[in-house]
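Visitor: One structure coming up, written as structure tokens, with questions to follow.
The values are calculated or read from the model by the stated rules, or taken from the named source; none is laboratory data. Just so it is clear, the structure is predicted and the values come from calculations on it, not from any experiment. Backbone-built Cβ (ideal geometry, glycine too); neighbour counts: all protein chains shown. Areas reflect the complete protein model, heavy atoms only, side chains present, ligands, DNA and RNA absent. Shrake-Rupley method; radii C 1.70, N 1.55, O 1.52, S 1.80 Å.
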Amino acid sequence: MEKFRCRIPRLSASICGVEIQLRTIRALIGFQDARAVDMFLRGRPVTAVYRPVEAQRRLREGGGRTLGSRLGVYQLLQALPLGEWVSVEGLTEREQRILPALPTWTRARENGRVSRLVDPPVRLEALLSRGDTWAEALDRACVLGRVVPRMAVCPPLNEDRDRACWEADFYGVGLAECDGENVKVLVNAPTDVPEIVAALHWRLAEHVHRVVAEREASSSPTTPVTQ
């Protein structure tokens with residue numbers, strides 16, 4: 001599967017061709033503690049909207065605490081209940097083979113049992129994709145797949161509004177029109193993440209966390225959504 005790619009962009013959180021106000025992001029997502037970070041995903045600029053999980057941030061403090069990109073690691077972690085002991089012998093053969101690949105800080109293990117300590121480091125709420133037209137914004141959002149709720153953001157619509165809303169709903173993508181600081185959500189993004197891509201969702205959450213950590217380390221922190 002294609003790996004998530006990232007490079008440090010110079011985007012200034014542009015969603016509608018101008019610098020988007022953070023209160024606009026809050027209006028799109030609806031969480032007071034939401035934060036936003038710009039990055040490239042599959043070669044395309046997106047804005048990831050997330051909420052930090054402080055306990056998991058602390059767990060990852062220290063050098064080299066990362067889960068990497070191996071999808072099987074995330075699948076195994078999801079199979080283990082958080083904070084509960086599970087018999088190693090009760091795991092599938094595949095899960096037992098993957099178990100040694102789990103970093104020691106992610107689990108406790110004793111007497112033939114294992115317990116998961118780690119959880120996604122951020123609550124990943126949405127990926128915002130912009131376009132100069134609704135069709136362009138929708139195409140860019142659809143490329144991202146159902147790994148996370150997607151929101152296509154475009155300039156104000158006129159005669160194509162009904163068609164744009166129908167297509168966004170058909171593809172399971174949220175749609176909003178943005179005019180400067182004014183934003184109007186036309187189609188709400190589905191918030192459910194299919195179980196089949198849940199491990200990919202966690203892997204992307206780790207990726208977003210690493211991007212944020214790199215920004216903070218370089219004295220270019222992400223900006224919290226303010227009142």
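Visitor: Compute the FRET efficiency between N111 and I196 as 1/(1 + (r/R0)^6), taking r as their Cβ-Cβ distance and R0 = 45 Å, and round to the nearest 0.05.
Guide: On the way: r = 34 Å, r/R0 = 0.75.
Result of the calculation: an efficiency of 0.85.
Visitor: Another question, if that's okay. What's the local net charge at H209, with K and R +1, D and E -1, over the other residues with C-beta under 9 Å away?
Guide: On the way: positive: R57, R60, R210; negative: E206.
Its environment carries a net charge of +2.
Visitor: With the convex hull built on the Cα atoms of the stretch 44-172, state its orientation-averaged projected area in nm². Don't skip to the end; give the middle numbers.
Guide: On the way: hull surface 41.3 nm².
Here the figure is 10.3 nm², rounded to one decimal.
Visitor: Also: Just by accessible area at a 1.4 angstrom probe, what is the order of T106, T92 from largest to smallest?
Guide: Details: T106 0, T92 70 Å².
The most accessible residue leads, giving T92, T106.
Visitor: Which residues in the stretch 116-130 place their backbone N less than 19 Å from a point set 7 Å from the Cα of N188 along the Cα-to-Cβ direction?
Guide: Those under the cut-off are 124-128.
Visitor: Okay, moving on. Can you list the GluC sites (Glu not before Pro) in the stretch 105-177 that are in a DSSP coil and have 15 or fewer other beta carbons within 10 angstrom?
Guide: Details: sites: E110, E125, E136, E159, E167, E177; in loops: E159.
Filter output for the stretch 105-177: E159.
Visitor: Hey, another quick one. Calculate one ³J(HN,Hα) per residue across the stretch 82-97 by plugging θ = phi - 60° into the Karplus curve 6.51 cos²θ - 1.76 cosθ + 1.60, and present them in order as whole Hz with x for glycine and proline.
Guide: For the stretch 82-97, the Karplus curve yields 5, x, 10, 7, 10, 5, 4, 5, x, 6, 5, 4, 5, 5, 5, 6 Hz.
Visitor: Give me the percent of the accessible area of the stretch 129-189 that comes from carbon and sulfur atoms, probe 1.4 Å, all protein chains in place. Don't skip to the end; give the middle numbers.
Guide: Details: 1290 of 3020 Å².
In the stretch 129-189, the share of accessible area belonging to carbon and sulfur is 43 percent.
Visitor: Something else: How much of C165 can a 1.4 Å solvent probe reach, expressed as accessible area in Å² and rounded to 10?
Guide: Approximately 30 Å² for this residue.
Visitor: Then there's this: Dividing the convex hull volume of the alpha carbon atoms of the stretch 91-227 by its residue count, what do you get in Å³ per residue?
Guide: Roughly 155 Å³ of hull volume per residue.
Visitor: Where in the stretch 63-97 does the label zone of T104 land, with the point 7 angstrom along Cα→C-beta and an amide N cut-off under 17 Å?
Guide: Backbone N within reach: 63-67.
Visitor: Per residue, how much accessible area does the stretch 89-163 show when a 1.4 Å probe rolls over the protein heavy atoms, in square angstrom? Show your work: numbers first, answer last.
Guide: Numbers: 3740 Å² over 75 residues.
Ligands and nucleic acids excluded, the figure is 50 Å² per residue.
Visitor: Count neighbours as other Cβ atoms within 10 Å of each site's Cβ, and list the trypsin sites (Lys or Arg not before Pro) in the stretch 56-141 that are DSSP loop with at most 11 such neighbours.
Guide: Values: sites: R57, R58, R60, R65, R70, R94, R97, R107, R109, R113, R116, R123, R130, R140; in loops: R60, R65, R70.
Qualifying residues, ordered by number: none.
Visitor: Once R0 is set to 35 Å, what does the formula 1/(1 + (r/R0)^6) return for the Cβ-Cβ distance between F40 and D169, expressed as a FRET efficiency to the nearest 0.05? Don't skip to the end; give the middle numbers.
Guide: Working: r = 27 Å, r/R0 = 0.78.
That gives a FRET efficiency of 0.80.
Visitor: While we're on this one: W166: net charge of surrounding residues, Cβ under 14 Å, Lys/Arg +1, Asp/Glu -1, itself excluded? Walk me through the intermediate numbers first.
Guide: Values: positive: R161, R163; negative: E159, D160, D162, E167, D169.
Neighbour charge sum, excluding W166 itself: -3.
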